[in-house]
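Please read the structure below before turning to the comments.
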Amino acid sequence: MIEIARTTPTRLTTELFAPVRFLFAVVAGLAGALARELTGSPFLAEALWALALFVLPLPLLPALLLVTMRLELPGLGELGFSDLVAVFYVVRLTFSSRILDVRLSPSHLVLIVFFGWAVLTTAPQSGMMWPLVHIMLYAVVGVALTHSPTAGTGLLWTVLGLALFETIVHLPDMLTRLHGVVLADPAQLGALLIAALLVVPLLPLPPNGRIAVRGLLLAGIAATQTRSVWFALCVVAVAMLLPRRWHLPVGLPLLMAPPALLAAAQVTALFKLNGESLDLRLQSISEGLRKLSEKPITGHGWAFRDVSPTDFANGIIYNLWVHLGVATGLVGVALFVLYVCLLSSETARNPSAYFFVTAILAMSLTEVPFYGGSVIALLFFALTSVRREPDRPVRTAEAEQPDTTSGLAGSGHRNATR
């Protein structure tokens, strides 16, 4: 797993921006936009944008992916602009020596098996693989982040910066519902705000600055007026009081869901929220369970709504587990449960990642998080690969001297701190 690098600001800035390459990439990107406006030639514009993505310093691409994911920018066929950013990141990483540093954890291996099963269940039933390809791209980017502490650090700063931007811009209208300028969706923005709240301890902010940042983020979460976001934050707050165990991120949201559902009507009336959306979600879950009963083992394939249109909300199922069941069957659900349990175990010593898994699984009881253009999906796969570097003892001049009395033991201690 990637560890947050303890780099100096100057070194981090140099690694992230590589000034000449960064400037050249910006110029190429602007030239592409200008070429599209003046000449109307998509080929020239796409060629210039491809050049920009090729030249841009590699660690900046995950951050660019997050920023552009919800923007309607020109892409290539079924691939949107953010998808192209993800492809360039993976391709450039593959052709660099740093691919050798990518580390696959047990959860990554199970995730690969899960996606393999999803491909097997989707291909023969619909042949429409693109909805699945988008999600697989986000997962690959998450795994690829294990190679570069610099890319991970840049992504964390981008999460916090984008969350603060969306909140601060909305401050004059804080009494209205917060949708976001870039994300344009309260649930997606709510997930980003919770992610930003959890990564604050990972970033070198002054104590007073942390208090102010957390206050702004909590105000933004309140302004989303989204019950799934509020529920996720409550689940995380309870989880912080309990020992971190592999089963907690999966089990705690399920335990807290019944009382939350009983209180939903009162919360809706108190804050004058949309009561119809809750009814729609319950109806979609009920319809999803019916569809799951039709093919309980293999499911209908990931693009089931394209081949089996239904009367409820274009076939959207507002529950992760039911959605996975309809798409991949009970086998797929079992594989994904195993994946998140392993992921929870691996992140138990990394509070930010562990509690973010908990938050997303809580939100996912009444949201559908995995689809093309979902910030929730990208953050789920990416931020759980970003880990804090373990604290290391301060090295003194005396510590620099070779240990001639305990050679193997000393080596073991150094390895244990890596």
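The table below lists the values:
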{"quantity": "Some residue of the stretch 73-96 being farther than 28 Å from residue 26 by Cα and either open to solvent by 60 Å² or more (accessible area, probe 1.4 Å) or in a helix (DSSP H, G or I) (or both)", "calculated": "no"}
{"quantity": "Single residue of 321, 230, 246 found to be open to solvent by 80 Å² or more (accessible area, probe 1.4 Å), at pLDDT 90 or above and touching a helix residue (DSSP H, G or I) at 6+ places or on another chain (Cβ under 9 Å)", "calculated": "246"}
{"quantity": "Within the stretch 53-83, tally of residues that are out of contact with any Phe, Trp or Tyr (no Cβ under 8 Å at 6 or more places or on another chain) and at pLDDT below 90", "calculated": "6"}
{"quantity": "Total residues in the stretch 172-229, condition in contact (Cβ under 8 Å) with a residue 24 or more places away in the chain and assigned to a helix (DSSP H, G or I)", "calculated": "27"}
{"quantity": "Close pairs (7 angstrom Cβ cut-off, 6 or more residues apart or separate chains): at pLDDT below 65 in the stretch 89-100, surrounded by 11 or more Cβ atoms within 10 Å (Cβ to Cβ) and of a type in the set (S, T, N, Q) anywhere", "calculated": "98/148"}
{"quantity": "The lone exception for residue 264 - which of (1) among the small types (Gly, Ala, Ser); (2) within 26 Å of the chain's Cα centre (by Cα); (3) in a helix (DSSP H, G or I) it fails", "calculated": "(2)"}
{"quantity": "Test: residue in the stretch 114-127 that is in a helix (DSSP H, G or I), under 17 Å from residue 382 (Cα atoms), modelled with pLDDT of 90 or more and open to solvent by 10 Å² or more (accessible area, probe 1.4 Å)", "calculated": "yes"}
{"quantity": "Count of the stretch 45-88 residues which are touching a Lys or Arg at 6+ places or on another chain (Cβ under 8 Å) and free of Cβ contacts under 8 Å to residues at least 60 places away in the same chain", "calculated": "6"}
{"quantity": "Within the stretch 158-191, considering residues that are open to solvent by less than 40 Å² (accessible area, probe 1.4 Å) and of a type in the set (Val, Ile, Thr), the one nearest to residue 223 (Cα to Cα)", "calculated": "167"}
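The values are calculated or read from the model by the stated rules, or taken from the named source; none is laboratory data. Everything quoted here is computed from the prediction, not taken from an experiment. So basically every Cβ, Gly included, is an ideal-geometry build from the backbone, and we count neighbours across all protein chains shown. Accessible surface areas use protein heavy atoms only, side chains included; no ligands, DNA or RNA. Shrake-Rupley method; radii C 1.70, N 1.55, O 1.52, S 1.80 Å.
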